[in-house]
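The values are calculated or read from the model by the stated rules, or taken from the named source; none is laboratory data. Note that the structure is a prediction, hence the values are computed from the model and not measured. Reconstructed Cβ throughout: ideal geometry from the backbone, glycine too, with neighbour counts over all protein chains shown. The protein model used for the area step is the full one, side chains on, heavy atoms only, and it has no ligands, DNA or RNA in it. Shrake-Rupley method; radii C 1.70, N 1.55, O 1.52, S 1.80 Å.
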Amino acid sequence: MIGSVVFYLLAATTLTATLICVTRTNPVHAVIYLVHAFFDLALIFYLLGAPLVAAWEMIIYAGAIMVLFLFIIMMLELAPGGKALTVDSQRWIPVILLSLVTLGCTVVLIIQDPAAAAGGPAYHASPRDFGTALFDRYALAVQVVSFQLLFAAVGAYYVGKGDAHRRGEESS
């Protein structure tokens, strides 16, 4: 019963954070809300008995990919500039509410461990088995994705470098 309530709370929080992410005009704020949605999604995976997938969600998506997004935003200078920073309490309400719901669900998941209640293994393959299958059977796919990320980073660099030339600035 509590697991279902936590699941639906996390699902609603994930959808809300994603909706707020899509509607933000400041790309840095959008990335922060997307990181919040990824944290909630990791908790959902943990609740469903997949702690390894939850850890990957936190490490890969909420960590590495969001850092890449922030790097590209900074490199392309997409954040609106020239505005004075004002402290607006209205702006903090969604962040505080979403964070409180996520924190409450995290505490409930810590107190009542869903993997222990299941009685069986939380997953069927160990991380070693998964890594072996990924790099033996799907090595070509991993390399293709690696090259796509490399091409995206190089493309973002040249797009950012092109803007500097159009503005008449010196770039290195």
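The length gained on full extension between residue 143 and residue 128, counted as 0.36 nm times the residue separation minus their Cα-Cα distance, comes to 3.5 nm. Once both labels are positioned 7 Å from their Cα atoms along Cα-to-Cβ, the gap between residue 136 and residue 89 label points is 6.1 nm. Our coupling estimate for segment 138-147, obtained by passing each phi through the Karplus curve with A = 6.51, B = -1.76, C = 1.60 and θ = phi - 60°, is 10, 4, 5, 5, 5, 5, 5, 5, 4, 5 Hz, Gly and Pro reported as x. Around the amide H of residue 26, modelled in the peptide plane, lies no amide H under 5 Å away from a residue 5 or more places distant or on another chain. Each residue of segment 34-39 was assigned a 3J(HN,Hα) from its phi angle through the Karplus expression (A = 6.51, B = -1.76, C = 1.60, θ = phi - 60°), giving 5, 4, 4, 5, 5, 4 Hz with x at Gly and Pro. Per-residue Karplus couplings for segment 57-73, computed as 6.51 cos²θ - 1.76 cosθ + 1.60 with θ equal to phi - 60°, are listed in order as 4, 5, 6, 7, 7, 5, x, 5, 5, 5, 5, 4, 4, 5, 4, 5, 4 Hz, Gly and Pro entered as x.
P(r) for segment 1-81, from all Cα pairs and a bin width of 5 Å, is 3, 16, 21, 22, 17, 10, 6, 3, 1, 0 %, short bins first. In the context of the full protein assembly, residue 4 retains an accessible surface of approximately 60 Å², using a probe radius of 1.4 Å and ignoring ligands and nucleic acids. At full extension, residue 26 and residue 52 could sit 6.1 nm farther apart than now, given 0.36 nm per residue minus the alpha carbon distance. Packing here is the average count of other Cβ atoms within 10 Å per residue, and on that basis the peptides 62-74, 132-144, 30-42, highest first, run 30-42, 62-74, 132-144. A Förster radius of 25 Å, combined with the Cβ-Cβ distance separating residue 71 from residue 19, puts the computed FRET efficiency at roughly 0.50.
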